[in-house]
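Enquirer: Provided herewith is a single structure, encoded as structure tokens, for subsequent inquiry.
The values are calculated or read from the model by the stated rules, or taken from the named source; none is laboratory data. Here the structure is a predicted model, which means the values were calculated and not measured. Neighbour counts are summed over all protein chains in view; Cβ atoms, including those assigned to glycine, are modelled from backbone coordinates with ideal geometry.
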Amino acid sequence: MEKIQFKDLKIQSEIKRALEAMGYEEMTPIQEASLPVIIEGKDVIAQAPTGTGKTCCFSVGAINIVDTSSDNVQVLVLCPTRELALQVTKEIRKTSQFTEGVRTLTVYGGQNIDIQIRALKKKPQIIVGTPGRIMDHMRRKTLDLSNIRLLILDEADEMLNMGFREDLDTILKDSSSERQTLLFSATLPKPILEISDQYQKDAVQIKTTYQESAIPNIKQYYIELKEENKEDALCRIIDTYNFKQALVFCNTKKKVDELSLSLSARGYQVEALHGDLKQAGRDQVMEKFRKGITRILIATDVAARGLDIEGIDVIVNYDFPEDQEYYVHRIGRTARAGRTGAAYSFIVRRDLSKLRQFEKALKTPIERALAPTYEMAEIKKITNRLDEIRELIYVSDLTKYIGFLETAIAEENFALTPIQFAAALLMDSIQNDPENKDEGKDLSEDFGVTRDRRTPKDYVRFFINLGKKDNLSRSELKNMFASKLKIEPSKVRGIEVLNTFSFLELPRNRVEEALKVFNNFTFKKRRVSLEVSIPTGETNKGKDRKKEVPLKRKKKVQDRPSSRKKLRSR
């Protein structure tokens, strides 16, 4: 079937001209499915996550339906947050740039209502606003919805999550019954379907799957970490890769505040954004971030709804989101307007299964990465500091300081070359940097077999009778096997150190050598037993992979002797 083009739509030529000027060429799946239906005047309920191009759908529909000879409010767009409302308004104004006589106004809480009342007197035909402020104007009778021709609910599920159900009911009941109603939502839970049943007429249901809405310009990575190492990992990513602006997501307001304070103490330019901020505070935070004064913005999901800042080139999921819709929304804040971006997710052990579920549902690979090493971050810091020094040399008068140095170096007992002196000053500036709180340890973890607990075909999984009770660490186990087998540490993988035993994976071509070396080996006065391991139930078509046992246990492993005695006595 031939794809529909924007030029094929039965819309005003001025709108087509605007879409061309905005760079719209091929339609996204949601646009192709919904735009012809919207233009026909039918009600639509569409499941469309962020990044699918849904705003274009209702912007085109809104402008196409407006009668510019009328001064009545004809289109109402409801959004959960001020930021999203402003973003939608921006899109509508771009789409109407060649259509004369279209007036659009944004109304939201936090702005002086008198300013909005004066603006309403200029007779806008399109109103974009938050439910609470729309209700304020309805109560004051400064907004009349009786002539509404098109009503749009954008991110309807988020409006319900924020407690706007009663406001939505009031607005929908008070607006014209002859209207067309469009409902866009990332999810379609029962309350959303109830709203559709109550306020829409024969609505056409459209669903956009995640693989259709994936953003190809975003490189997605995950890093396995312990909770206590996340902050150092974040700092190393920022220092090493020198991103222009970073948006960091936490799951709670408390974590946003804690991380913001901690990074500020390290010397980073950082701001916090969450629901407890008053509107004036939010505006100030966003203004500094948009202007590039703030390099790092730490936010919760709800607070970041509708953010549209082109300079964001990296997203960090400091806390992994609970829902895949939030994941899609978060990473969609980068790679805006055709740019490329990166998204890093910090994963603790409990997040692994969720990560795989997201990857499967989104049908997009999320690659495993390692946290940058301390050395990588330090080299980048030194390089940046040298750049600052070069700039200082070009723009400053250093005559006085050169004189001091020449005198010091010329002294009889001052056996230093100029390069040694400069190196010492550089080292001092780096080591005394407030950002330099990193202990320099390896941060990345390997939580074992993370893909359905399956060992790759060219690797074999082993059981060893050493664990935490033997004061054995992951790095110690990795280095021990790498050293004895004379292989790269990266070849020792899938390590799980449990209380009295451990698992690891080695290349298949090292099986015999490993068994020979480690079954004649003593660790801290304890005789080592190394055996090939398979998941229980492997012989039963792999149905039970929850536990693992050694393939052959020739010797009795002393991991839980007391429990075995109890079993024998029963």
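Enquirer: Taking residue 14 and the conditions (1) of a type in the set (D, E, K, R); (2) in a helix (DSSP H, G or I); (3) modelled with pLDDT under 95, which numbered condition does it fall short on, given that it satisfies the others?
Expert: Condition (3) is where residue 14 drops out.
Enquirer: Determine which single condition residue 307 fails, assuming it passes every other condition in (1) assigned to a helix (DSSP H, G or I); (2) under 30 Å from residue 26 (Cβ atoms).
Expert: Among (1) assigned to a helix (DSSP H, G or I); (2) under 30 Å from residue 26 (Cβ atoms), residue 307 violates only (1).
Enquirer: While we're on this one: Any chance you could count how many residues in region 42-58 are under 24 Å from the mean Cα position of the chain (by Cα) and at negative phi?
Expert: Start the filter on region 42-58 by keeping residues that are under 24 Å from the mean Cα position of the chain (by Cα), which leaves 46-56.
Right, trim to at negative phi and you get 46-50, 52, 54-56.
Counting residues in region 42-58 that are under 24 Å from the mean Cα position of the chain (by Cα) and at negative phi gives 9.
Enquirer: Which of the residues that make up region 272-288 are closer than 26 Å to residue 328 by Cβ and either assigned to a loop (DSSP other than H, G, I, E, B) or within 17 Å of the chain's Cα centre (by Cα) (or both)?
Expert: Taking region 272-288 as the starting set, the residues that turn out to be closer than 26 Å to residue 328 by Cβ are 272-277, 282, 285-286.
272, 273, 274, 275, 276, 277, listed by residue number.
Enquirer: Now a separate question. Given the structure, is residue 39 more than 25 Å from the chain's Cα centre (by Cα), among the hydrophobic types (A, V, I, L, M, F, W, C) and surrounded by fewer than 18 Cβ atoms within 10 Å (Cβ to Cβ)? Break it down into steps so the answer makes sense when it comes.
Expert: Details: more than 25 Å from the chain's Cα centre (by Cα): yes; among the hydrophobic types (A, V, I, L, M, F, W, C): yes; surrounded by fewer than 18 Cβ atoms within 10 Å (Cβ to Cβ): yes.
Considered against the rule, which asks whether it is more than 25 Å from the chain's Cα centre (by Cα), among the hydrophobic types (A, V, I, L, M, F, W, C) and surrounded by fewer than 18 Cβ atoms within 10 Å (Cβ to Cβ), residue 39 comes out as yes.
Enquirer: Criterion first (part of a helix (DSSP H, G or I) and surrounded by 14 or more Cβ atoms within 10 Å (Cβ to Cβ)) does residue 89 satisfy it?
Expert: Details: part of a helix (DSSP H, G or I): yes; surrounded by 14 or more Cβ atoms within 10 Å (Cβ to Cβ): yes.
Answer is yes for this residue.
Enquirer: Could I ask something else about it? Would you pick out the residues in region 273-292 that are among the basic types (Lys, Arg) and either touching a residue at least 60 places away in the same chain (Cβ under 8 Å) or not assigned by the TED database to the domain that holds residue 246 (or both)?
Expert: Our first condition is that a residue be among the basic types (Lys, Arg); within region 273-292, this holds for 278, 282, 288, 290-291.
278, 282, listed by residue number.
Enquirer: Restricting to region 492-519, and then to whatever is over 24 Å from residue 468 (Cβ atoms) and more than 43 Å from the chain's Cα centre (by Cα), can you tell me which residue is surrounded by the most Cβ atoms within 10 Å (Cβ to Cβ)?
Expert: Looking only at region 492-519, we keep the residues that are over 24 Å from residue 468 (Cβ atoms), and these are 507-513, 516.
Checking which are more than 43 Å from the chain's Cα centre (by Cα) leaves us with 512-513, 516.
On the way: 512: 8, 513: 15, 516: 11.
Per the criteria, the residue is 513.
Enquirer: For a quick check of your reading of the model, give me the residue pairs whose first member lies in region 296-307 and is within 25 Å of residue 236 (Cβ to Cβ) and assigned by the TED database to the domain that holds residue 267, whose second is part of a loop (DSSP other than H, G, I, E, B) and of a type in the set (Val, Ile, Thr), with beta-carbon atoms closer than 8 Å and at least 6 apart or on different chains.
Expert: 300/252
Listed here are the residues, each with its yes/no results for (1) touching a Pro at 6+ places or on another chain (Cβ under 7 Å); (2) modelled with pLDDT under 95; (3) part of a loop (DSSP other than H, G, I, E, B); (4) over 20 Å from residue 103 (Cα atoms).
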{"site": "61", "(1), (2), (3), (4)": "no, no, no, no"}
{"site": "67", "(1), (2), (3), (4)": "no, no, yes, no"}
{"site": "77", "(1), (2), (3), (4)": "no, no, no, no"}
{"site": "85", "(1), (2), (3), (4)": "no, yes, no, no"}
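Enquirer: For residues that are over 20 Å from residue 90 (Cα atoms) and at pLDDT 85 or above, tally how many sit in region 286-327.
Expert: Of the residues in that region, 19 qualify.
Enquirer: For the list (1) aliphatic (A, V, I, L, M); (2) under 28 Å from residue 301 (Cα atoms); (3) out of contact with any Phe, Trp or Tyr (no Cβ under 9 Å at 6 or more places or on another chain), I need the number of the one condition that residue 30 fails.
Expert: All conditions pass for residue 30, except number (3).
Enquirer: Which pairs have Cβ atoms under 9 Å, sit 6 or more apart or on different chains, and link a residue in region 253-272 that is among the aromatic types (Phe, Trp, Tyr) to one that is assigned to a helix (DSSP H, G or I)?
Expert: Once the first residue is among the aromatic types (Phe, Trp, Tyr) and sits in region 253-272, its partners that are assigned to a helix (DSSP H, G or I) give 268/235; 268/238.
Enquirer: Restricting to region 71-99, what's the tally of residues that are farther than 18 Å from residue 165 by Cα and either without any contact (Cβ under 8 Å) to a residue 40 or more places away in the chain or among the β-branched types (Val, Ile, Thr) (or both)?
Expert: Adding up the residues that qualify gives 9.
Enquirer: I'm trying to understand the selection: among the residues of region 502-519, which are farther than 13 Å from residue 487 by Cβ and among the basic types (Lys, Arg)?
Expert: Of all residues in region 502-519, those farther than 13 Å from residue 487 by Cβ come to 502-503, 512, 515-516, 518-519.
Of everything in region 502-519, just one residue is farther than 13 Å from residue 487 by Cβ and among the basic types (Lys, Arg), namely 516.
Enquirer: Select from region 339-395 the residues that are surrounded by 16 or more Cβ atoms within 10 Å (Cβ to Cβ), in contact with a Lys or Arg (Cβ under 8 Å, 6 or more places away or on another chain) and part of a strand (DSSP E or B) and list them in ascending order.
Expert: 341, 342, 343, 346
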